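Contents: one structure, followed by commentary.
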Amino acid sequence: MDRLQIEILLSAVSSGDTSVEDALNKLRHLPFEDIGFAKVDHHRALRTGMPETIFAMGKSPEQVAAIFARMAAAGSNVLATRADSAAYEKVAEVEPRAIYHSTARAITLEQSAPVRGKGVVAVVCAGTSDLPVAEEAAITARMMGNDVELIADVGVAGIHRLLAQRDALLAARVLIVCAGMEGALPTAVAGMVRTPVIAVPTSVGYGASFGGVAALLGMLNSCAPNVSVVNIDNGFGAASVASLINHLD
């Protein structure tokens, strides 16, 4: 439950459209709901501006579905990341409105309109192989109330493809740039814009890329001062930070 939902609920109580008892029933699980194997943080959106997100990896499909159902029942928008098709099948049994995004490995449910960001979050990826991470970032940013533009396959091996996107890059309020291999794309993008660039190293590459470590180290050593770096394959984390930036006045 976020600030807007709380305001609507309190207004309904004030106008007499909702009874105090009904309002208390809706608020009774604040700040969290203990379901045994998990404590679902319904209060997170009100506290931090970002809702609880389900990290599905390592959880059983039944556990993912149970958490998803409790969040949906509370009226929240719900996002589960790193979810496979087995998890989605269980979620769909308890919440048929849920949507599975196979490339991003994400399950979403949208029930209310979040507060909108101020501008566009551009998600840029070097190659098609980076799309799972880029789409995770794009879906996360959209779920957090941002207008998102996804720009794919513009790596530095064909720099003309990136230069052709100059107008879109300059129009963005914040950029998320995903790349594997040597991880050079964020620096190239950052040199073209005057906005924050959040670099996401991906685990894409041959043996000496060390599962994204080479890209991570390259991005950490970027000579562009407007580049910050998140962990390997962490499209979700990049989108969370981008959303906070995009919601600043």
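The values are calculated or read from the model by the stated rules, or taken from the named source; none is laboratory data. Note that the structure is predicted; figures quoted are calculated from it, not measured. Positions of Cβ are backbone-derived with ideal geometry, glycine not excepted, and every protein chain shown enters the neighbour counts.
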Residues satisfying the stated conditions in the range 70-108, i.e. within 23 Å of residue 178 (Cβ to Cβ) and in a strand (DSSP E or B): 79, 80, 81, 99, 100, 101, 106, 107, 108
Residue tally, condition surrounded by 15 or more Cβ atoms within 10 Å (Cβ to Cβ) and within 16 Å of residue 63 (Cα to Cα), over the range 85-107: 10
Answer residue from the range 78-93, given it is at pLDDT 95 or above and β-branched (Val, Ile, Thr) and is farthest from the chain's Cα centre (by Cα) among those: 91
Test: residue in the range 149-156 that is assigned by TED's automatic domain parsing to the domain that holds residue 219, under 14 Å from the mean Cα position of the chain (by Cα) and surrounded by fewer than 22 Cβ atoms within 10 Å (Cβ to Cβ): yes
Residue in the range 232-242 that is outside any strand (DSSP E or B), farther than 21 Å from residue 136 by Cβ and at pLDDT 95 or above present: no
Filter result (within 14 Å of residue 165 (Cα to Cα) and in a helix (DSSP H, G or I)) within the range 187-199: 188, 189, 190
Residue match in the range 109-130 (condition: touching a Ser or Thr at 6+ places or on another chain (Cβ under 6 Å), surrounded by 21 or more Cβ atoms within 10 Å (Cβ to Cβ), outside any strand (DSSP E or B) and touching a residue at least 12 places away in the same chain (Cβ under 8 Å)): yes
Complete set of residues in the range 139-176 that are in a loop (DSSP other than H, G, I, E, B) and among the acidic types (Asp, Glu): 153
Pairs, first closer than 16 Å to residue 119 by Cβ in the range 223-249, second basic (Lys, Arg) and assigned to a helix (DSSP H, G or I), C-beta under 9 Å, six or more apart: 239/142
Candidate set from the range 219-239 (those that are surrounded by 21 or more Cβ atoms within 10 Å (Cβ to Cβ) and among the small types (Gly, Ala, Ser)); member that is nearest to residue 56 (Cα to Cα): 235
Output for the range 206-218, where each listed residue is surrounded by 17 or more Cβ atoms within 10 Å (Cβ to Cβ), over 20 Å from residue 123 (Cβ atoms) and of a type in the set (A, V, I, L, M): 214
Check on residue 135, outside the structural domain of residue 52 (by TED's automatic domain parsing), in contact (Cβ under 8 Å) with a residue 40 or more places away in the chain and within 26 Å of residue 102 (Cβ to Cβ): yes
From 161, 166, residue being touching a residue at least 24 places away in the same chain (Cβ under 8 Å), over 22 Å from residue 236 (Cα atoms) and among the charged types (D, E, K, R): 166
Enumeration of residues in the range 110-125 that are among the aliphatic types (A, V, I, L, M) and at pLDDT 95 or above: 120, 121, 122, 123, 124
Residue under evaluation residue 203, criteria (1) surrounded by fewer than 18 Cβ atoms within 10 Å (Cβ to Cβ); (2) in a loop (DSSP other than H, G, I, E, B), criterion not met: (1)
